[in-house]
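Here is the structure we will look at, set down as structure tokens.
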Amino acid sequence: MIYWSLDLLKSLGTEEVLLGVNYLAETLRSQVGSEYRGMSIKYSLETEPLGTAGPIKLASTNTRIDETFIAMNGDVIAQIDLQGMLKQHHETKALITDALHEVKNPSRFGVVELDAENRIRRFVEKPSPREAPSRLVNAGIYLIEPEVLQMIPPYQKVSLEREIFPPLAKQGRLGGFTFPAHWFDIGNLTDFRKANFAMLLDSAHTSVEEKRKGATDALIRKSVFIGENSKVSDKASVGPKVLLGNNGSIAEGARVSESILFDRVTIGERSAVSGAILANDVEVGKRARIGPGCVVSSSVRIADGVKIGSGAIIHPYKEISSNVRALAHVM
């Protein structure tokens, strides 16, 4: 998700990125590093929660900001025309332009009332269905003018939506940019699956024959992505809606459907995986069963014949040699 956001920022010609970090900050720093596709990467450590505006103010102390900048939530994936958003931002002379997306149920989000000139007149955070002024919600992507930083007190918990947006809306300086393409606020595993499968269904794939990786009698259904150096053996069944990462394998007679398998995942002979998420370096033995809603964390080994009940979650670095009941947490 971080790299998706970085690629999006690169499309706007961004030269410097500041990542606001807290939990697992050093892990993220070691993974992303200090440079990506020619963009300088810096880090802003938030040692205590500062709301949604406080981290922006904190990050601004680590660099010089004298022109329009973009702020993005880290748990969002969006197919958005940032160049078009920037053009509208300058045309309307807004101090903040908020990306907006229409959803069926807006009660989880900040909802806006937008006028004909693309100015946000009212902003309601997480309203009930009756109170929602529209179905246009805050998509967590903002173009901001530097003077807004003066409205945010330093080192304090400040809400962008509740404390900064309302006065700007009254002044007519809060813009809204609507976009119809995909947008996902990935706050839970259900949203994570939904985002992966939606993008998978929209993507162009190489042919089934090319993706068999040498198998002559494998059934690979539509909406399947198979990563580099991954192999599907004879008589295996893969799909619909399966993502298999790089350097993985699905053995003879195994069945995988509606599942997300990360890198270096191996599925043993005649095993079945349905509706599950398997992280990096998971090894599933022969004749195992992994039920819908299961999450198997990285570096887990599941022995031959083991059954993992629906909704079970297995934490990293475990050796699972006996059956796991439904909804269990193996820590």
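Considering only the stretch 118-157, how many residues are more than 12 Å from ILE56 (Cα to Cα) and out of contact with any strand residue (DSSP E or B) (no Cβ under 9 Å at 6 or more places or on another chain)? Selection size over the stretch 118-157: 4.
For the stretch 26-35, does any single residue satisfy the condition of being in the same structural domain as LEU160 (by TED's automatic domain parsing) and more than 25 Å from PHE192 (Cβ to Cβ)? Give the derivation first.
First, pick out the residues of the stretch 26-35 that are in the same structural domain as LEU160 (by TED's automatic domain parsing): 26-35.
Those still in the list that are more than 25 Å from PHE192 (Cβ to Cβ) too: 34-35.
Yes; the residues of the stretch 26-35 include at least one that is in the same structural domain as LEU160 (by TED's automatic domain parsing) and more than 25 Å from PHE192 (Cβ to Cβ).
Assuming SER257 fulfils every condition listed in (1) at pLDDT 95 or above; (2) surrounded by 22 or more Cβ atoms within 10 Å (Cβ to Cβ) apart from one, which condition is it? Among (1) at pLDDT 95 or above; (2) surrounded by 22 or more Cβ atoms within 10 Å (Cβ to Cβ), SER257 violates only (2).
Quick check on my filter: what residues within the stretch 153-174 are surrounded by 14 or more Cβ atoms within 10 Å (Cβ to Cβ), within 24 Å of ASN118 (Cβ to Cβ) and either charged (D, E, K, R) or touching a helix residue (DSSP H, G or I) at 6+ places or on another chain (Cβ under 7 Å) (or both)? Correct list: GLU161, ARG162, GLU163, ILE164, ARG173, LEU174.
Scan the stretch 11-40 for residues that are assigned to a strand (DSSP E or B), within 21 Å of the chain's Cα centre (by Cα) and either under 22 Å from TYR155 (Cα atoms) or of a type in the set (Gly, Ala, Ser) (or both) and the total you get is 7. Looking at (1) out of contact with any helix residue (DSSP H, G or I) (no Cβ under 9 Å at 6 or more places or on another chain); (2) surrounded by 14 or more Cβ atoms within 10 Å (Cβ to Cβ); (3) of a type in the set (Ser, Thr, Tyr), which is the only condition SER30 fails? Unmet condition: (2).
Given the residues LYS241, LYS231, which is the only one that is touching a helix residue (DSSP H, G or I) at 6+ places or on another chain (Cβ under 6 Å) and buried (at least 18 other Cβ atoms within 10 Å of the Cβ)? Reasoning before the result, please.
Working: LYS231 fails: touching a helix residue (DSSP H, G or I) at 6+ places or on another chain (Cβ under 6 Å).
Just a single option satisfies the conditions, and that option is LYS241.
Give the residues of the stretch 142-170 that are farther than 23 Å from ARG64 by Cα and without any contact (Cβ under 8 Å) to a residue 40 or more places away in the chain, sorted by residue number.
As a first pass, look at the stretch 142-170 and keep what is farther than 23 Å from ARG64 by Cα: 161-163, 165-170.
Residues satisfying the conditions are ARG162, PRO167, LYS170.
Is it the case that LYS104 is basic (Lys, Arg) and modelled with pLDDT of 95 or more? Judged against the criteria, LYS104 is not a match.
Among the residues making up the stretch 175-195, a single one is hydroxyl-bearing (Ser, Thr, Tyr) and either within 18 Å of PHE123 (Cα to Cα) or in contact with a helix residue (DSSP H, G or I) (Cβ under 7 Å, 6 or more places away or on another chain) (or both): THR178.
On the stretch given as the stretch 92-150, residues that are touching a helix residue (DSSP H, G or I) at 6+ places or on another chain (Cβ under 7 Å) and of a type in the set (Gly, Ala, Ser) total 4.
The values are calculated or read from the model by the stated rules, or taken from the named source; none is laboratory data. As the structure is a prediction and not an experimental result, all values here were calculated from the model. Please note: Cβ atoms are built from the backbone with ideal geometry, for glycine as well, and neighbour counts cover all protein chains shown.
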